[in-house]
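Asks: I have a structure here, written as structure tokens, and I will follow up with some questions on it.
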Amino acid sequence: MTRFGIGQPVRRVEDQRFLTGRGRYVDDITLPRQAYGAVVLSPHPHARIARIDISRAQAADGVLAVLTGADAVADGLGGLPPLFMPEDRGGPKGHRTFRPILAADRVRHVGDRVAFVVAETAAQARDGAELVSVDYEPLPAVVHVEDAVADGAVRVWDDAPGNVCVELRMGDATATEAAFARARHVVSLRLENQRVSANALEPRCAIGAWDADGSCTLYTSTQNPHGVRTTMAQKVFRQPETKVRVIAPDVGGGFGMKGDGYPEDALVLWASRRCRRPVKWTATRSESLLGDAHGRDQVVYGEMALDPQGRILAIRARALQAFGAYVAGAAVAPLLFSVQLVPGAYAVPAVFLTTRAIFTHTSPTAPYRGAGRPEAAYLTERLLDRAAVITGLDAVELRRRNFIRPEAMPYRIPTGLTYDSGEFAQLTDRCLELADWKGFEARRAASTKRGTLRGRGFAYSLEESGVFNERMELRCDPSGTVTIVAGTFSHGQGHATVYAQMVAEWLGVPFEHIRFVQGDTDQVPFGRGTYASRSSMVGGNALRLATQALIEKATPVAAHLLEAAPADIVFTDGAFRVVGTDRAIPFTAVARASYAPAGPLAELGIGLEASGSFGSEPPNFPNAAHACEVEVDPETGQAALARYTIVDDVGRALNPLICEGQLHGGLAQGIGQALAEHVVYDRASGQLLSSTFAEYGMPRGDDLPSFTVALAEIPCTTNPLGVKGLGEVGSVGAPPAVIHAILDALRPLGVEAIDMPAIPARIREAVHRARAEGRSRS
């Protein structure tokens, strides 16, 4: 094994340019004769557009064009459809929306796009946008998911009764009811997974450049360039995809929010066609909080039935998941995962689960790191913790009694998925040891002396990773250098490093001689981007197949150079060898020879290149044990994380250093949801109350402890590399672990429940209410 091979903690090669300010993001790009765009956003959550007066804006200094929804209709532009609906895969029929790039007759949320102003400078474009006068006829609005399904609630879409987009059901109602009927213990909870925003470090940005021949180029901050191309070409502009080029340079974070196209992607292209100049648009932070796809926003009522020994008999739940005003991109994915993964790591004999996707007058929701897995884990883990209180059993012991045993694998859960591997009790033991679980009481006593309350929480997370299939390509040049042409898309994951490690090990090519290309639909024949922790599995295994195909293509060249028959050639340790002899030639020499301009080698073709494809069926199931400790000041309500430990089953760690970094990032976002983050709309007015970082609680470095991270490598049995997904794990298990720790700290005061985010005001309110009701045991 080389120091740059698989399993080595190689530092990311991308970081040199990022840390020295030499990254190239969309906003760093300036094209010749570039103009700038600004969007006019609706100030109303729901209103008819009676009239738009653009005359003052058109006359303003530097303004080149003012585009409206009526113009989009006149130009025959389409809207943005869902990526898929349940009915597309044999599920129930739902209400399919097409999000307009500019609203023509009605706005459906604060921040809905109404007009687009193009000017010589960004400042002039924004000044022009202020001069667009829109006469609105305000209509009643509904922004909270439970209000939206109440009797008589105003409809977001006239033909969507009850504001229901689609309903999913899973499980066996009869078996579940029977299990509840014979249960010794039944616990029930109402839980909220609040609406949150991804808040990528790089705001969304797009540049459109329309050429005279009818082709166009879109530079955009996306994690799915080919997907954006498909939407722009097929749905908006209705022209061949070969006419649309999408380039995503460096992207500063996405977390699912940048997984699909946005109205602004279409607006800059359309404006460029109209103005015959490139047009750039860059979001402000407030525009991002208003217009980016949000995550989560679920209310669920759940129940768990247990026998006298604390073994789970059944789970039933009914949930409402807000879709916002439109079905955006892959919005259905979180809805599906939020029910499909409710059994988690536990042997649950029966479930009956329903969830309804609900329209509200808010910005659309879409996948956000975890995409439904955090909702599923939060429900089951919170029910288990409550069951521990009700039954008097230790919270960890209760989980041990219900874990699926390794010898039961493969194990089919009642929602239809089959787990291939997992050693949940083993990971739990290791996590508790690293967390010094046994030493907790001494730390609690020390906290008590300081006047704070210390609590600990445990949670186990399991999720499904890897979706769809993927294509990867390898190309050799005349110097022997290898280029990886990736259909996946790295926006922080370190693909340029990890994929190079794989190729270096498999082909024996020096690590520094491996080049990485992604994000340009003219350079990458096809790809599906990166989301759902898919790259290591579908990308990595596709790359392995491409490597094998490349070796097969190179074998006749090597045979000629070694003066042997192809059947007598084997490839090991980076070299082609003649069986039974010491004759060998390295891969790089064969790659160079494949470019011979004439002679016998030229008859074999010019150069070496190969591709590989791999699908996600069956998927893989990463899982992790989480242990958290908090200190709570009962007077101020401030909860501070004191310790956090995670042991994660990654299947096979391709690069442990990058694995740990991904876990840190996921934990930060999960902890942020538990303690601070919340997109808040006023229920009466529909206005966004958290439109800046002054109101939206972003986690900061000093909010987080030094994480204790360990990797467990229990190979996945359903893909050749044995890998499992990684990027979502921290965000899936952190919310319940943190909330459990807070409730453990507050339990002596009689506090039994608290919703996320557990901000100081909520903790103080819970403490005061418990004291007023006489529940405190202190």
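Asks: Quick check: from the Cα gyration tensor, does the stretch 8-49 come out rounded (a/c under 1.5), prolate or oblate?
Replies: oblate
Asks: Please report the net charge: other residues with Cβ closer than 9 Å to the Cβ of Pro715, K and R +1, D and E -1.
Replies: With Lys, Arg at +1 and Asp, Glu at -1, the net is +1.
Asks: I'd like to compare 565-576, 492-503, 20-31: which one has the highest average count of other Cβ atoms within 10 Å, and what's the full order after that?
Replies: Descending mean neighbour count gives 492-503, 565-576, 20-31.
Asks: How much of the DSSP bridge set in the chain is antiparallel, in percent, rounded to the nearest 5?
Replies: Around 80 percent antiparallel, to the nearest 5.
Asks: Let me ask something additional. Using a 1.4 angstrom probe on the protein heavy atoms only, line up Asp250, Asp522 by accessible area, largest first.
Replies: Asp522, Asp250
Asks: Give me the percent relative contact order of the chain, please, defined on Cα pairs under 8 angstrom at least 6 residues apart.
Replies: 15 percent
Asks: Residues of the chain: accessible area per residue at 1.4 Å, in Å²?
Replies: 37 Å²
Asks: Compactness ratio of the stretch 415-457: Cα Rg over 2.2 N^0.38 Å, N = residue count?
Replies: With N residues counted in the stretch 415-457, Rg over 2.2 N^0.38 Å equals 1.80.
Asks: Ignoring ligands, DNA and RNA, what percent of the 1.4 Å accessible area of the stretch 557-684 is carbon and sulfur?
Replies: C and S fraction of accessible area: 52 percent.
Asks: How much of the accessible area of the stretch 273-358, probe 1.4 Å, is carbon plus sulfur, in whole percent?
Replies: 50 percent
Asks: Starting from one equal scatterer on each C-alpha and no solvent at all, send me the Debye-based log10 I(q)/I(0) for the stretch 389-493 at q = 0.11, 0.21, 0.24 Å⁻¹, two decimals.
Replies: Each listed q corresponds, in turn, to -0.67, -1.19, -1.32.
Asks: Provide the percentage of antiparallel DSSP beta bridges, counting only those with both residues in the stretch 229-352; round to the nearest 5.
Replies: In the stretch 229-352, DSSP labels about 75 percent of beta bridges as antiparallel.
Asks: Mean 1/r over all different Cα pairs, inverted: what Kirkwood radius does the chain give, in Å?
Replies: After inverting the mean inverse Cα-Cα distance, the result is 27.8 Å.
Asks: Just need the relative contact order of the stretch 297-411 here, percent rounded to a whole number, with Cα pairs under 8 Å and 6+ apart.
Replies: About 31 percent, as a whole number.
Asks: A follow-up question, please. Heads up, I need the accessible area for Leu453: 1.4 angstrom probe, whole protein in place, Å², nearest 10.
Replies: 40 Å²
Asks: Is any helix in the chain, taking whole DSSP H runs, at least 24 angstrom long along its axis by alpha carbon and on average at least 0.0 on the Kyte-Doolittle scale, and which ones?
Replies: Span-like helices in the chain: 540-562, 656-675, 729-746.
The values are calculated or read from the model by the stated rules, or taken from the named source; none is laboratory data. Predicted model, so just to flag it, every value in this text is computed and none were measured. Here the Cβ is made from the backbone with ideal geometry for all residues, glycine too, and neighbour counts use every protein chain on show. Calculation scope for accessible area: heavy atoms of the full protein, side chains included, ligands and nucleic acids excluded. Shrake-Rupley method; radii C 1.70, N 1.55, O 1.52, S 1.80 Å.
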